[in-house]
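Working notes, beginning with the structure itself.
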Amino acid sequence: MSEIKGLDAIDRRILRIVQKDASLSICEIATQVGLSQTPCWKRLQRLEASGVIKRRIALLDPAKLGLGITVFVSIQVGDHSSKALARFAAELAAMEEVMDLYRLAGDVDYVLRVVTSDTTSFDAFYKRLIDLIPLKNVTSRFALENIKSETAFPIAG
């Protein structure tokens with residue numbers, strides 16, 4: 001794994017800690033990395049200001065929220081003009097059911113991870129999706145089981 005530019009070993013340890021549990025206090029993080037609180041806080045502030053830490057959030061259990069359906073949707077668009085693609089991507093990103101949105105190279109233009117409560121809700125989402133722009137192909141794959149879901153990136157060092 002390549003070196004992360006501008007980050008030393010302590011920064012990397014801080015990042016490994018906060019991406020596993022962002023609710024830890026500055027004191028707890030500082031203790032784990034061997035710093036006093038003020039230098040640890042300054043490092044966290046720098047990591048946030050530089051955009052390395054994008055935001056701190058709580059991870060929720062979708063099943064306990066009644067969101068038991070995960071669908072991976074592959075899309076081939078008909079119009080590849082930059083204006084149409086930008087508008088389509090913006091509209092997809094605004095749809096609350098879309099949890100992840102990637103533009104791809106290859107035979108598929110976009111892949112989405114969509115979360116809904118049930119198939120009826122997914123069908124309503126699907127109808128809104130296909131009305132956005134002319135689409136060449138849409139393929140939906142319903143997840144049966146989530147074997148691994150990780151939010152923490154592997155950070156060497």
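Answer yes or no as to whether Val77 is of a type in the set (A, V, I, L, M) and without any contact (Cβ under 8 Å) to a residue 60 or more places away in the chain. Before you say what the answer is, go through the steps one by one.
Details: of a type in the set (A, V, I, L, M): yes; without any contact (Cβ under 8 Å) to a residue 60 or more places away in the chain: yes.
Spelling it out, Val77 is indeed of a type in the set (A, V, I, L, M) and without any contact (Cβ under 8 Å) to a residue 60 or more places away in the chain.
Candidates in segment 138-153 are the residues that are surrounded by 11 or more Cβ atoms within 10 Å (Cβ to Cβ) and not in a strand (DSSP E or B); of these, the one that is modelled with the highest pLDDT is Ala143.
From the list Leu135, Leu112, the one residue that fits, being under 23 Å from Ile57 (Cα atoms) and either surrounded by 12 or more Cβ atoms within 10 Å (Cβ to Cβ) or touching a residue at least 12 places away in the same chain (Cβ under 8 Å) (or both), is Leu112. Considering segment 9-41, and only residues there that are touching a residue at least 24 places away in the same chain (Cβ under 8 Å) and of a type in the set (A, V, I, L, M, F, W, C), the residue that is surrounded by the fewest Cβ atoms within 10 Å (Cβ to Cβ) turns out to be Ala9.
In segment 45-64, the condition of being surrounded by 14 or more Cβ atoms within 10 Å (Cβ to Cβ) and either within 25 Å of Ile147 (Cβ to Cβ) or touching a residue at least 60 places away in the same chain (Cβ under 8 Å) (or both) is met by at least one residue.
The values are calculated or read from the model by the stated rules, or taken from the named source; none is laboratory data. Predicted, not measured: the structure shown is a model, and the values here were computed from it. Counting neighbours? That spans all protein chains shown, and the Cβs are built from the backbone with ideal geometry, glycine included.
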